[in-house]
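Novice: Structure incoming, see below.
The values are calculated or read from the model by the stated rules, or taken from the named source; none is laboratory data. Please read all numbers here as calculations on a predicted model, not as lab measurements. As a convention, Cβ positions derive from the backbone with ideal geometry for all residues, glycine included, and neighbour counts pool all protein chains shown. We work out accessible area using only protein heavy atoms, side chains counted, and drop any ligands, DNA or RNA first. Shrake-Rupley method; radii C 1.70, N 1.55, O 1.52, S 1.80 Å.
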Amino acid sequence: MARVFLLRHGATPWNEQRRIQGRADIELARDTAASLRQQRIPAGWLDLPWFTSPQLRCRQTACLLGAADAAPAGALREMHWGEFEGLTLDRVNAEIERLGLRPGRGLDLLPPGGESPRMVRDRLRRWLLDLPEETGDLVAVTHKGVIRAALSLATGWDMMSPFPRPVRWQLPHRFELGPGGAFRLDRLNCRWREAPR
């Protein structure tokens, strides 16, 4: 049984403006980068293999946390929001309603020219299945959309309503990957002081 720690990238200026980033390659906010430089990650975490979304904000986060050699993995990219990228969250919700996509469509919400959360979940599942068995426990720096997809994959959550437990997106979340690709949530909101082993 391998443990998979998923960590969201640090905040960007677009996060602070509540803009949908999707595939846009936005760098970290200056104060976020300074804060991450001060973060002391226990050696037990840095001894694990690290993976990262190829997007700049994730690569910067991994590097600032001490994992400059994190391996890029395309499956960890953020959900592609298509025509909605760059819009504020309020504007996206208005567009969803205007287009009749309904905000509550959960896994099957498909932005024009983008991908649905179900598609993100499927690509994450394929990546997990393709990991070499010898990889063992790992840390992946990724995006909120991918972590939401992981929660759906691990628990059956349909995204039609908020996740049933409070999620602190800036903390790592621990999942277990078992034989045959069995994937389950082990712990939400891990603390860095909790060594992986």
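Novice: Within the group GLN60, GLN55, GLN39, which residue is modelled with pLDDT of 95 or more, polar (S, T, N, Q) and over 25 Å from LEU129 (Cα atoms)?
Specialist: Of GLN60, GLN55, GLN39, the one residue that is modelled with pLDDT of 95 or more, polar (S, T, N, Q) and over 25 Å from LEU129 (Cα atoms) is GLN60.
Novice: Among residues belonging to region 29-57 that are touching a residue at least 24 places away in the same chain (Cβ under 8 Å) and over 23 Å from ARG193 (Cβ atoms), point out the one that is farthest from the chain's Cα centre (by Cα).
Specialist: Per the criteria, the residue is LEU56.
Novice: Could you check region 82-197 for helices (runs of 4 or more DSSP H) lying wholly inside it with 3 or more residues that are closer than 27 Å to ALA67 by Cα and either open to solvent by 50 Å² or more (accessible area, probe 1.4 Å) or among the hydrophobic types (A, V, I, L, M, F, W, C) (or both)?
Specialist: Because the criterion is at least 3 residues that are closer than 27 Å to ALA67 by Cα and either open to solvent by 50 Å² or more (accessible area, probe 1.4 Å) or among the hydrophobic types (A, V, I, L, M, F, W, C) (or both), the helices (runs of 4 or more DSSP H) in region 82-197 that meet it are 117-130, 144-155.
Novice: Just need a number here: residues in region 1-10 that are open to solvent by 30 Å² or more (accessible area, probe 1.4 Å) and either free of Cβ contacts under 8 Å to residues at least 12 places away in the same chain or touching a Ser or Thr at 6+ places or on another chain (Cβ under 9 Å) (or both).
Specialist: Number satisfying all stated conditions: 1.
Novice: Could you check ALA33 against (1) part of a helix (DSSP H, G or I); (2) touching a Phe, Trp or Tyr at 6+ places or on another chain (Cβ under 7 Å); (3) open to solvent by less than 20 Å² (accessible area, probe 1.4 Å) and say which number it fails?
Specialist: (2)
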